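Beneath this line is the structure, given in structure tokens, with notes to follow.
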Amino acid sequence: MSVIDIRGLTKSYGPGKGIFDLTLQIPRGEVFGYLGPNGSGKTTTIRHLLGFLNADSGSCSIGGLDCRTQAAQLHHSLGYLPGEIAFFDEMRGSEYLRFLAHMRGLRTCPRERELLDRFQLDPSGRIRRMSKGMKQKLGLVAAFMHDPEILVLDEPTSGLDPLMQQAFVELILAEKARGKTILMSSHSFEEIEKTCSRVGILHAGHLSALVDVADLQASRRRVYAVSFDREEDKQAFLAEELDIAGDYSLRVDVAVTGSLQAFTRALSRHPIAGLDVVNQRLEDIFIGYYGGHAS
């Protein structure tokens, strides 16, 4: 049974802007990754799911509730983290959490203390004095503290340091084990790779692909930077039958799709000074997946 159900959803802001004939179903208990570059339509989709926008056509529902006409009822039980959180800056963090609990008709939130500890957040200060990372932690606590069965998270690790990003990944995996249904929008493939079983790839408002994470991993084009102490060592390495993505002073970038076996064998035959993974943009991963045609 689909918990999140989107059918033919269209909202046009002009050619290539918005979302177009979007159809997507997410079953109970799935953590679903929603990927796409900035401006691809991820946030527009999420705003429809929260009932904030009227679609030009199509429909969407969560847990059987129509996202537009039953939005108020939906908000009581849903966990939601917006991409850009609008806080009451003069409130203290603890006051903000109590305010949200009151809005949901709750006297207490069973998981608030656990989440504050997980993200190492002291909510006693005024929100206007909090850093971007602290505000993001506060938003995460607010989204999870009432233990919702369904969560919609828009760029959830924006502003978090690597330690807190890992804490977030561990939280999602724990929620997944408990059977929660989560839609998570991101431009970080690594974040999605660690937590999701399926991903939808959005490009220019269209759902370009719906794939298992394992398939996307297998087709992913990784780039490794190999450095050398001597020019002659580098030149000898360049004679190997590899996909050379860049040639620099005492450094070669090698692109690898699928198995690493040929690459690691080549490395074993040459003296190298260092090996690093080159960070890839999400667009680069799309190009690898689509064979050069990310559309």
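Mind listing just one residue for me: the one in the stretch 1-20 that is among the aliphatic types (A, V, I, L, M) and in a strand (DSSP E or B) and, of those, farthest from the chain's Cα centre (by Cα)? Talk me through it step by step, then tell me what you get.
Of the residues in the stretch 1-20, the ones among the aliphatic types (A, V, I, L, M) are 1, 3-4, 6, 9, 19.
The next check asks that each one be in a strand (DSSP E or B); those that pass are 3-4, 6, 9, 19.
Values: Val3: 19, Ile4: 17, Ile6: 19, Leu9: 21, Ile19: 18 Å.
Within the stretch 1-20, the match that is farthest from the chain's Cα centre (by Cα) is Leu9.
What number of residues in the stretch 82-130 are aromatic (Phe, Trp, Tyr) and in contact (Cβ under 8 Å) with a residue 60 or more places away in the chain? Lay out the reasoning, then the answer.
Residues of the stretch 82-130 that are aromatic (Phe, Trp, Tyr), as a first pass: 87-88, 96, 99, 119.
Pick out the ones that are also in contact (Cβ under 8 Å) with a residue 60 or more places away in the chain and you get none.
Within the stretch 82-130, residues that are aromatic (Phe, Trp, Tyr) and in contact (Cβ under 8 Å) with a residue 60 or more places away in the chain number 0.
Out of all the residues in the stretch 189-222, which are hydroxyl-bearing (Ser, Thr, Tyr) and more than 16 Å from the chain's Cα centre (by Cα)?
Step one: list which residues in the stretch 189-222 are hydroxyl-bearing (Ser, Thr, Tyr), which gives 195, 197, 208, 219.
Those that are hydroxyl-bearing (Ser, Thr, Tyr) and more than 16 Å from the chain's Cα centre (by Cα): Ser208, Ser219.
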Open item on the list: Can you tell me how many residues within the stretch 167-183 are out of contact with any helix residue (DSSP H, G or I) (no Cβ under 9 Å at 6 or more places or on another chain), surrounded by fewer than 18 Cβ atoms within 10 Å (Cβ to Cβ) and of a type outside the set (Lys, Arg)?
Closed with: 3
TODO: Using the structure shown, decide if Ala214 is within 30 Å of Arg7 (Cβ to Cβ) and either in a helix (DSSP H, G or I) or at pLDDT 95 or above (or both).
DONE: yes
- [ ] Taking Leu121 as the residue in question, decide whether it is buried (at least 16 other Cβ atoms within 10 Å of the Cβ), modelled with pLDDT of 95 or more, in contact with a helix residue (DSSP H, G or I) (Cβ under 6 Å, 6 or more places away or on another chain) and assigned to a loop (DSSP other than H, G, I, E, B).
- [x] yes
Open item on the list: What's the number of the only condition in (1) surrounded by fewer than 18 Cβ atoms within 10 Å (Cβ to Cβ); (2) not assigned by TED's automatic domain parsing to the domain that holds Ile6 that Val254 fails to meet?
Closed with: (1)
Open item on the list: Phe189 - would you say it is more than 18 Å from Arg28 (Cα to Cα), at pLDDT below 95 and of a type in the set (A, V, I, L, M, F, W, C)?
Closed with: yes
Task: Whichever residue in the stretch 251-292 is in a helix (DSSP H, G or I), at pLDDT 65 or above and not charged (D, E, K, R) and, among such residues, is nearest to Val226 (Cα to Cα) - done: Leu267
- [ ] Quick one: count up the residues across the stretch 157-176 that are free of Cβ contacts under 8 Å to residues at least 60 places away in the same chain and assigned to a helix (DSSP H, G or I).
- [x] 12
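Across the stretch 177-186, what is the total count of residues that are at pLDDT below 95 and assigned to a loop (DSSP other than H, G, I, E, B)?
Qualifying residue count for the region: 0.
What is the residue count in the stretch 238-258 for residues that are of a type in the set (S, T, N, Q) and farther than 16 Å from Val277 by Cβ? Write out each step before concluding.
Just the residues of the stretch 238-258 that are of a type in the set (S, T, N, Q), to begin with: 249, 257.
Pick out the ones that are also farther than 16 Å from Val277 by Cβ and you get 249.
Number of matching residues: 1.
The values are calculated or read from the model by the stated rules, or taken from the named source; none is laboratory data. No experiment lies behind these values; they were computed from the predicted model shown. Cβ atoms come from the backbone with ideal geometry, glycine included; neighbour counts cover every protein chain shown.
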